[in-house]
Amino acid sequence: MEKKQIEEVREKLGFENQGIFECGQQSIKFPTPVFIRESASVVGKKEGQGPLGKLFDVVGEDDMFGANTWEEAESSLQKKSFYLAATKAGMKPEDIRYLFAGDLLGQSIATSFGLMSYERPLFGLYGACSTCGLSLSLGAMAIAGGFARTVGCVTSSHFASAEKEFRYPLAYGNQRPLSSTWTVTGSAAFILSNTRGNRSRAVITGITPGKVVDYGIRDSLNMGACMAPAACDTIYRSLKDFDRKPEDYDKIITGDLGKVGQRALLDLLKDKGVDIEKQHMDCGIAIFDCKTQDTHSGGSGCGCSAAVLSAYILKELEQGNWKRVLFVPTGALLSKTSFNEGQNVPGVAHAVVIEHLKE
């Protein structure tokens, strides 16, 4: 992109200074556009049967995706989504400078085994179900800081591999409480760039990295309640740092709180004098029809917010139906070890400001 074009985009979006600067207590406002050039989503059969099913790029007929194990299946999700996103952007994998990627499994094996064949420098991340927000935040910082021209942000989850990792083997057939959420089988990849190219879906203008928040909750089958306090903290701080009100956003979108966590978040924010009920949307509620698909409180997992962002949220921004959203994926920071040792389940949430890109 020519310097004159960059300045025109900066003026339309209200960018002020040439250097990255801190905004408030923990936010960053980017001085130059960080374009979401393209994205792609790959999901499982159950997700394809949900309300957003027709919007995903690829819906698998078999959740094994041709693999021998659930973990290998999840790796194939990342491999497919990244390749598809790069291809849609008119790029080859080797055109991507860095990858920022992660998943839910021990030592992020879905990511390392899924992306290693592309031989790109990898920043392996773990933010639990907030990983999409984490990867977009760090990727955008790398672009805005001049450390890369193009990066890829990838994440995934798989219902069966997550159940095996954190709860019970599927063959156990345990009863799931109504507060539980259904881990999404899915992956999404995003190509971020400092140039607009022939087409860009939206632009990232700021971020609010989240803090770890612990309300003393220990119920690993009520992830929404575990993550809602972190979502509350990050949303409240982001609004303060950017000096905005809820109505300055068309949508304030959490990752996977589900119905239980949504109610907790709205109540917690109202206690702080902030009402986001009109603007709030939760990806975990949007991706499934809880009544017909038996997913109880909704969806969860790294792939939940990532797939909904790629398939639905960016579509609304691209078409101009929404002008600005606050995208806030949420994560529950537990492991088998911490759970078995009786530790609490703290949460974290990372907020990304994404805006419509004017022609």
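The table that follows gives values for the structure above.
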| read-out | value |
| --- | --- |
| Selection count where residues are buried (at least 24 other Cβ atoms within 10 Å of the Cβ) and of a type outside the set (Gly, Ala, Ser), scope the range 253-276 | 5 |
| Wholly within the range 71-171, strands (runs of 3 or more DSSP E) carrying at least 3 residues that are not aliphatic (A, V, I, L, M) | 98-102, 150-157 |
| Residue, nearest to the chain's Cα centre (by Cα), within the range 155-186, restricted to residues that are modelled with pLDDT of 90 or more and closer than 26 Å to Thr337 by Cβ | Thr155 |
| So Gly133, is it farther than 22 Å from Ile287 by Cα, under 14 Å from the mean Cα position of the chain (by Cα) and of a type in the set (Gly, Ala, Ser) | no |
| Any pair with Cβ under 6 angstrom, 6 or more apart, that starts in the range 229-247 at a residue that is farther than 13 Å from Gly206 by Cα and ends at one that is part of a helix (DSSP H, G or I) and of a type outside the set (Ser, Thr, Tyr) | Ala231/Leu265; Cys232/Leu265; Cys232/Leu268; Cys232/Leu269 |
| Leading residue by the ranking (nearest to Val58 (Cα to Cα)) among those in the range 187-219 that are of a type in the set (Gly, Ala, Ser) and modelled with pLDDT under 95 | Ser200 |
| Asp233 being of a type in the set (Asp, Glu), modelled with pLDDT of 95 or more and surrounded by fewer than 23 Cβ atoms within 10 Å (Cβ to Cβ) | yes |
| Unique residue being touching a His at 6+ places or on another chain (Cβ under 8 Å) and either closer than 30 Å to Leu333 by Cβ or of a type outside the set (Lys, Arg) (or both) when the list is Leu84, Leu115, Leu77, Leu104 | Leu77 |
| Test result for Asp267, farther than 30 Å from Ser76 by Cα and in the same structural domain as Val325 (by TED's automatic domain parsing) | yes |
| Identity of the residue in the range 79-114, at positive phi and surrounded by fewer than 18 Cβ atoms within 10 Å (Cβ to Cβ), that ends up modelled with the highest pLDDT | Gly90 |
| Test for Leu134: is it more than 22 Å from Val353 (Cβ to Cβ) and buried (at least 18 other Cβ atoms within 10 Å of the Cβ) | no |
| Test: residue in the range 337-349 that is among the hydrophobic types (A, V, I, L, M, F, W, C), buried (at least 21 other Cβ atoms within 10 Å of the Cβ), closer than 25 Å to Arg37 by Cβ and in contact with a Pro (Cβ under 9 Å, 6 or more places away or on another chain) | no |
| Within the range 40-67, tally of residues that are assigned to a strand (DSSP E or B) and free of Cβ contacts under 8 Å to residues at least 40 places away in the same chain | 2 |
| Residues of the range 334-349 satisfying the condition of being touching a Phe, Trp or Tyr at 6+ places or on another chain (Cβ under 9 Å) and assigned to a loop (DSSP other than H, G, I, E, B) | Leu334, Ser335, Asn344, Val345, Pro346 |
| Selection status of Leu326, part of a helix (DSSP H, G or I) and either within 16 Å of Gly224 (Cβ to Cβ) or outside the structural domain of Leu138 (by TED's automatic domain parsing) (or both) | no |
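The values are calculated or read from the model by the stated rules, or taken from the named source; none is laboratory data. Source: prediction; values computed, not measured. Note: ideal-geometry Cβ built from the backbone for every residue, glycine included; neighbour counts use all protein chains shown.
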